[in-house]
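Enquirer: What follows is a structure written as structure tokens; I'll ask about it next.
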Amino acid sequence: MTTINAPTRHDEIRSPIATAAYDFVDAPHILDHAAIVPKRPHAGGMSLPGLCHAEEGHLSANGAKKVSRETRLGIHSGTLPRGNYRATIALNKPMHKFFGRDGFQVTDVFVKNSPLNGHNYKDAEGKLTRVHSAVTSSFNRLADTITLLRKVEAGDGTSHYYAGRVDRKGPTSTAKAEEAAKMIFLSELETGRKGLTETGPNRYTLQLAVQSVLGSSRLPSLSVEQDALLDEIKAYEELAEKTKKEPLQITHPETGKTFSVQVLSVPVAQTQFNWVNQLSLLNDSWISGELVAKELSGKADAALFAKVEQAIAHSPSEETSETASLLTPTLSDDQKRLKDTAALLKKGELKPWEEVLVRAYLCHLLNLPLMLHCKSSVDRTNLAGAMISSMEQWIQSGREIPQDTDGNYNILKIVGERVVETDGSIVYPFKELYACNLRKGLIESELSRGQRGLKFNRGWSQSLALQDLVPSRYLKPYNAKDLLVRLTIRIASFILGLLAIIFTLGGILKAIRMKSLKGFDVWLAPFKAFNPAVFPEKLVDETTAFGKELIFSHTKSQPKLGRLPPKHKN
């Protein structure tokens with residue numbers, strides 16, 4: 001029997017500021033043993049196409065929806081062995097001086113949970129090969145395991161964030177929620193212990209937070225994402241209720257020790273993070289989905305704020321004098337960071353990327369593991385995840401979190417921190433880290449759809465976060481000659497706004513009768529079509545090497561890792 005080793009790769013991004021090398025690494029990790037892989041009734045010794053089509057047949061036989069070509073691509077991609085993927089960022093001047101260190105290391109650790117693992121197939125030469133170390137491709141959305149489930153960790157193993165979308169498909173409604181909880185528990189037990197509270201011998205509670213960057217728009221093509229999010233919330237709710245009565249039994253794969261783990265209620269926040277952000281600026285909050293997103297995030301944030309109050313109440317304050325205990329106690333530095341960050345999130349009126357960054361920092365302060373995902377845990381997830389990794393690296397270096405003029409800590413200000421060189425050039429350290437961390441995400445696009453490049457769209461619909469987070473040398477001004485496009489978009493938005501008033505008239509009348517008009521801005525929808533902020537000032541410049549590789553293009557020749565095999569009789 002032959003064995004396929006994980007592919008090796010060595011890519012680099014070079015700039016005058018930093019050099020980032022990207023490699024597959026085969027070092028053993030606790031999460032190598034974290035997969036929950038259901039058994040499949042596959043016979044040994046099939047051809048690879050036959051193995052893929054047998055898996056397709058299993059899905060159909062178990063009541064799955066009609067298996068699409070996309071799902072077949074995902075199943076086929078799930079036969080390839082995968083290594084963990086690491087970015088090593090070397091800092092040059094002035095970054096080296098600013099951070100006081102040589103660089104950073106960040107690794108994507110994949111859970112090898114493909115349902116095909118352990119099964120055999122014959123390669124083109126007739127040699128028997130065992131599927132191993134394969135992950136569930138995000139194209140295989142009908143799988144019983146979480147697609148592209150992974151941990152993003154620092155060089156010392158502590159988590160930046162986790163990635164993977166939970167739903168209620170699988171052997172039980174809580175199967176994927178349990179898979180996520182097991183992965184996070186085993187990882188945090190080894191390093192960091194975020195979210196873990198020991199309640200007895202080998203007994204723990206696990207508290208995690210989820211940041212979804214799915215959409216909530218009521219448009220038909222996007223409403224499926226809102227349904228997916230509600231399904232995820234339900235899955236976590238059922239898991240919390242289930243483990244309250246009967247804790248999860250999680251066995252450490254190396255020591256054999258078994259732990260009883262209760263998963264507490266999971267706050268799931270939603271932030272729309274793609275071209276729907278432009279839609280929310282052009283139309284009312286009901287049509288764009290902002291009304292639903294803010295409502296769901298409000299519930300999640302309320303749980304975080306309660307933990308902030310609890311943390312402040314149970315943390316020792318700084319007493320500046322003998323009589324301090326008789327007066328209002330002075331907050332410690334940690335308490336003040338919690339208080340100021342919670343206040344910043346409560347204030348609202350944040351850009352989508354700002355909301356995600358503030359919430360991620362709050363979870364960092366509360367020592368909570370954060371699960372991040374979009375529909376496929378690839379494009380939007382990497383856009384937000386690179387920002388979280390850059391923040392964690394900033395904190396890891398010991399750099400201070402900036403304060404506003406009123407003395408409040410403000411994590412958002414790290415993005416604008418700059419270094420002025422002797423020649424007058426300006427370097428933004430956070431943005432440089434962001435470019436290196438974002439580039440690392442290209443490997444997920446290969447695992448997901450067999451092609452490199454992240455889908456951030458082009459033109460006016462490109463993610464508005466990129467113009468604020470990417471270094472200026474990778475950007476270009478939004479082309480002013482696209483006046484016809486701008487006019488078309490505004491006219492279409494104006495018409496959609498008028499239709500929105502007609503279609504939601506019943507809801508408006510009901511809200512008036514109930515004296516509950518909060519959130520109904522539909523009558524302003526036609527006038528939002530003239531909002532100048534809807535168009536980005538800058539786009540990623542695809543003539544640069546960074547932009548050319550970063551942005552997905554259907555016209556570019558890309559490696560087809562997930563090429564669909566033809567149907568074949570064994």
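Enquirer: Restricting attention to the range 209-226, does a residue exist that is touching a His at 6+ places or on another chain (Cβ under 8 Å) and farther than 30 Å from L539 by Cβ?
Expert: Among the residues of the range 209-226, at least one is touching a His at 6+ places or on another chain (Cβ under 8 Å) and farther than 30 Å from L539 by Cβ, which makes the answer yes.
Enquirer: Assess whether Q207 counts as being of a type outside the set (S, T, Y), modelled with pLDDT of 95 or more and touching a Gly at 6+ places or on another chain (Cβ under 6 Å). Before the answer, list the steps.
Expert: Working: of a type outside the set (S, T, Y): yes; modelled with pLDDT of 95 or more: yes; touching a Gly at 6+ places or on another chain (Cβ under 6 Å): yes.
Considered against the rule, which asks whether it is of a type outside the set (S, T, Y), modelled with pLDDT of 95 or more and touching a Gly at 6+ places or on another chain (Cβ under 6 Å), Q207 comes out as yes.
Enquirer: Output the qualifying pairs, or none if there are none: Cβ atoms under 6 angstrom, residues six or more apart or on different chains, first residue in the range 27-39 and within 17 Å of L248 (Cα to Cα), second residue among the hydroxyl-bearing types (S, T, Y) and part of a helix (DSSP H, G or I).
Expert: Once the first residue is within 17 Å of L248 (Cα to Cα) and sits in the range 27-39, no partner that is among the hydroxyl-bearing types (S, T, Y) and part of a helix (DSSP H, G or I) comes close enough.
Enquirer: In addition: Is it true that some residue in the range 192-208 is touching an Asp or Glu at 6+ places or on another chain (Cβ under 6 Å), farther than 15 Å from L370 by Cα and open to solvent by less than 20 Å² (accessible area, probe 1.4 Å)?
Expert: The answer is yes, given that some residue of the range 192-208 is touching an Asp or Glu at 6+ places or on another chain (Cβ under 6 Å), farther than 15 Å from L370 by Cα and open to solvent by less than 20 Å² (accessible area, probe 1.4 Å).
Enquirer: If T147 meets every condition in (1) outside any loop (DSSP other than H, G, I, E, B); (2) within 15 Å of the chain's Cα centre (by Cα) apart from one, which number is that one?
Expert: (1)
Enquirer: Quickly run through the range 38-55 and pick out the residues that are open to solvent by 20 Å² or more (accessible area, probe 1.4 Å) and either within 16 Å of T147 (Cα to Cα) or among the acidic types (D, E) (or both).
Expert: The one that is open to solvent by 20 Å² or more (accessible area, probe 1.4 Å) and either within 16 Å of T147 (Cα to Cα) or among the acidic types (D, E) (or both): P38.
Enquirer: Here's a follow-up. Looking for whichever is β-branched (V, I, T), surrounded by 19 or more Cβ atoms within 10 Å (Cβ to Cβ) and in contact (Cβ under 8 Å) with a residue 12 or more places away in the chain here; the options are I395, I414. Which one fits?
Expert: I414
Enquirer: Something else now. Is it the case, given these coordinates, that F104 is assigned to a strand (DSSP E or B), over 25 Å from F259 (Cβ atoms) and at pLDDT 90 or above?
Expert: Working: assigned to a strand (DSSP E or B): yes; over 25 Å from F259 (Cβ atoms): yes; at pLDDT 90 or above: yes.
Judged against the criteria, F104 is a match.
Enquirer: So, D379, is that one free of Cβ contacts under 8 Å to residues at least 40 places away in the same chain and either open to solvent by less than 50 Å² (accessible area, probe 1.4 Å) or of a type in the set (D, E) (or both) or not?
Expert: Criteria not met by D379.
Enquirer: Among the residues of the range 384-392, is there at least one that is open to solvent by 10 Å² or more (accessible area, probe 1.4 Å) and modelled with pLDDT of 95 or more?
Expert: yes
Enquirer: Got a sec? Which of G385, G398, G407, G424 is among the small types (G, A, S) and in a helix (DSSP H, G or I)?
Expert: G385
Enquirer: Additional query: Out of the residues in the range 111-137 that are among the charged types (D, E, K, R) and over 17 Å from H53 (Cβ atoms), state the one that is surrounded by the most Cβ atoms within 10 Å (Cβ to Cβ).
Expert: K112
Enquirer: When residues of the range 210-224 are filtered for being among the charged types (D, E, K, R) and modelled with pLDDT of 95 or more, how many remain?
Expert: Looking only at that region, the number is 0.
Enquirer: Within the range 179-191, take every residue that is more than 25 Å from S297 (Cβ to Cβ) and out of contact with any Ser or Thr (no Cβ under 8 Å at 6 or more places or on another chain) and give me the one that is surrounded by the most Cβ atoms within 10 Å (Cβ to Cβ).
Expert: Let us first name the residues in the range 179-191 that are more than 25 Å from S297 (Cβ to Cβ), namely 182, 185-187, 189-191.
Now drop any that are not out of contact with any Ser or Thr (no Cβ under 8 Å at 6 or more places or on another chain), which leaves 182, 185-186, 189-190.
Numbers: K182: 22, F185: 24, L186: 22, L189: 18, E190: 15.
So, considering only residues that are more than 25 Å from S297 (Cβ to Cβ) and out of contact with any Ser or Thr (no Cβ under 8 Å at 6 or more places or on another chain), the one surrounded by the most Cβ atoms within 10 Å (Cβ to Cβ) is F185.
Enquirer: Let me ask something else about it. Quick one: count up the residues across the range 163-177 that are assigned to a helix (DSSP H, G or I) and crowded, with 23+ Cβ neighbours inside 10 Å.
Expert: Within the range 163-177, residues that are assigned to a helix (DSSP H, G or I) and crowded, with 23+ Cβ neighbours inside 10 Å number 2.
Enquirer: Run L73 past the list (1) more than 18 Å from I443 (Cα to Cα); (2) of a type outside the set (S, T, Y); (3) open to solvent by 20 Å² or more (accessible area, probe 1.4 Å) and report the number of the one that doesn't hold.
Expert: Checking L73 against (1) more than 18 Å from I443 (Cα to Cα); (2) of a type outside the set (S, T, Y); (3) open to solvent by 20 Å² or more (accessible area, probe 1.4 Å), the one that fails is (1).
Enquirer: Does the range 486-505 hold any residues that are within 15 Å of P532 (Cβ to Cβ) and either in contact with a strand residue (DSSP E or B) (Cβ under 9 Å, 6 or more places away or on another chain) or modelled with pLDDT of 75 or more (or both), and which are they? Let's see the steps before the verdict.
Expert: Initial filter on the range 486-505 (within 15 Å of P532 (Cβ to Cβ)): 486-487, 489-490, 493-494.
Residues satisfying the conditions are L487, I489, R490, F494.
Enquirer: Within the range 44-74, take every residue that is part of a loop (DSSP other than H, G, I, E, B) and touching a His at 6+ places or on another chain (Cβ under 9 Å) and give me the one that is nearest to F98 (Cα to Cα). Explain how you work it out, then say what you get.
Expert: Filtering the range 44-74 down to residues part of a loop (DSSP other than H, G, I, E, B) leaves 44-45, 62-68.
Those still in the list that are touching a His at 6+ places or on another chain (Cβ under 9 Å) too: 44, 64.
Details: G44: 57, A64: 53 Å.
Restricting to residues being part of a loop (DSSP other than H, G, I, E, B) and touching a His at 6+ places or on another chain (Cβ under 9 Å), the top hit is A64.
Enquirer: Okay, next question. Would you pick out the residues in the range 220-276 that are charged (D, E, K, R) and either assigned to a loop (DSSP other than H, G, I, E, B) or under 17 Å from the mean Cα position of the chain (by Cα) (or both)?
Expert: E225, E232, E246, E254, K257
Enquirer: Can I ask one more? Taking the residues in the range 236-293 that are of a type in the set (D, E, K, R) and closer than 21 Å to R359 by Cβ as candidates, determine which candidate is most open to solvent (accessible area, probe 1.4 Å). Before you say what the answer is, go through the steps one by one.
Expert: Step one: filter the range 236-293 for residues of a type in the set (D, E, K, R), giving 237-238, 241-242, 244-246, 254, 257, 284, 290.
Keeping just the survivors that are closer than 21 Å to R359 by Cβ gives 237, 290.
Numbers: E237: 104, E290: 38 Å².
Only one residue tops the list, namely E237.
Enquirer: Just checking, which of V378, V356 is in contact with a Gly (Cβ under 9 Å, 6 or more places away or on another chain) and within 26 Å of S223 (Cβ to Cβ)?
Expert: Values: V356 fails: in contact with a Gly (Cβ under 9 Å, 6 or more places away or on another chain).
Residue meeting the stated conditions: V378.
Enquirer: Got a sec? Which of A54, A21, A87 is closer than 20 Å to H132 by Cβ and modelled with pLDDT of 80 or more?
Expert: A54
Enquirer: How many residues are open to solvent by 50 Å² or more (accessible area, probe 1.4 Å) and assigned to a strand (DSSP E or B) if we restrict to the range 77-100?
Expert: Total satisfying the criteria: 2.
Enquirer: Take the residues in the range 428-460 that are surrounded by fewer than 22 Cβ atoms within 10 Å (Cβ to Cβ) and over 20 Å from the mean Cα position of the chain (by Cα), then tell me which one is modelled with the highest pLDDT.
Expert: Among those residues, the one meeting the criterion is Y428.
The values are calculated or read from the model by the stated rules, or taken from the named source; none is laboratory data. As the structure is a prediction and not an experimental result, all values here were calculated from the model. No Cβ is skipped: glycine too gets one built from the backbone with ideal geometry, and neighbour counts run over all protein chains shown. Heavy atoms of the whole protein, side chains included, go into the accessibility calculation; ligands, DNA and RNA do not. Shrake-Rupley method; radii C 1.70, N 1.55, O 1.52, S 1.80 Å.
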